[in-house]
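First up is the structure itself, then whatever we jot down about it.
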Amino acid sequence: MSRASAPRIRKNPVERRDEILDAAARIALAEGLEIVTVRRVAEDLQVRPGLISHYFPSAEEMVSEAFSRAALAELETLLPAAPTVGTPVERLRDFFRRSSGDDYLALSRLWLNARHTSRFRPSLQEAVQLQEAVMRERLLAVLTDGREQGLFVCPDPLAATLEILVVIDGLGSYANDTSGFWHASLEGLAPRTAERVLGLSPGMLGS
């Protein structure tokens, strides 16, 4: 007698699509965007490739949405859109602490990967530019709040935002470096830059 197979549970389309994107985002963070294929995602979810293709006829769409999902999820940890506690100084301090840890290394690698790959994938390029804008707007909002509360000396919050982000991106460019190169001047460079452009005392945002 053959064993009865377990009944398959049919998920609604929204739930299934979210499940696919969650898997694609995990793969992107762990292995790179080039590895996000219909077959690889199907293997991860233990489903047939045809199911993935049903929801994403274009693999390019799945890749760009996977990047957006991973990047936005991390941003919600770094700079929540609707913070419930914390002054602008405290929010910035938390932002630098979270963005300098080992947990952030995978995201730095993903951003490097996405910016390079987007040269050849228009939909991914659009996703990268959108996520850059979201990050810029989130940080700008914190700096603007701090200036309005008299916590920051910041005549041009957008200029300060861009300077801070350029430093963070520059440090992120070392994410794939395996040579072990490092210099003491790079330690705490991002918070030190923010303290300088915001008129804060050294050490207020960490070191």
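Read the figures in this text as sums done on the coordinates, not as results from a lab. Model, not experiment: these values are computed from the prediction. We place every Cβ from the backbone using ideal geometry, glycine too, and count neighbours over all the protein chains shown.
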Fill in the blank from the handout: For region 91-137, listing chymotrypsin sites (Phe, Trp or Tyr not before Pro) in a DSSP loop whose Cβ sees at most 13 other Cβ atoms within 10 Å gives Phe120
Handout entry: Size of electric dipole in region 61-197: Cβ of Lys, Arg +1 and of Asp, Glu -1, about Cα centre, debye, nearest 20
Key = 160 debye
Problem - Likely footprinting exposure, Arg69, Arg97, fewest C-beta neighbours within 10 Å first - result: Arg97, Arg69
Problem - Dipole magnitude of region 41-123, debye to nearest 20 (Cβ charges: Lys/Arg +1, Asp/Glu -1, about Cα centre) - result: 280 debye
Completion exercise
Fewest to most Cβ atoms within 10 Å: Met204, Met135 sort as Met204, Met135
Practice task
Read through the labelled values [x] 9, 35, 31, 17, 7, 1, 0; [y] 8, 30, 29, 19, 10, 3, 1, 0; [z] 8, 30, 33, 21, 7, 1, 0 and report the label of the one computed as P(r) over Cα pairs in 10 Å bins from 0, in percent from the structure.
Solution key: [y]
Fill in the blank from the handout: In whole angstrom, the spacing between the Cα centers of region 132-167 and region 66-111 equals 15 Å
Practice task
Kyte-Doolittle cut-off 1.6, length cut-off 15 Å along the helix's own axis using Cα: show which whole DSSP H helices in the chain pass.
Solution key: 157-172
Practice task
Work out the FRET efficiency for Arg136 and His183 from their Cβ-Cβ distance, taking R0 = 30 Å, and round it to the nearest 0.05.
Solution key: 0.60
Exercise for the section: Compare Asn12, Asn113, Asn176 in a GNM of the chain, Cα atoms joined below 10 Å, and give the one with the largest fluctuation. Expected result: Asn12
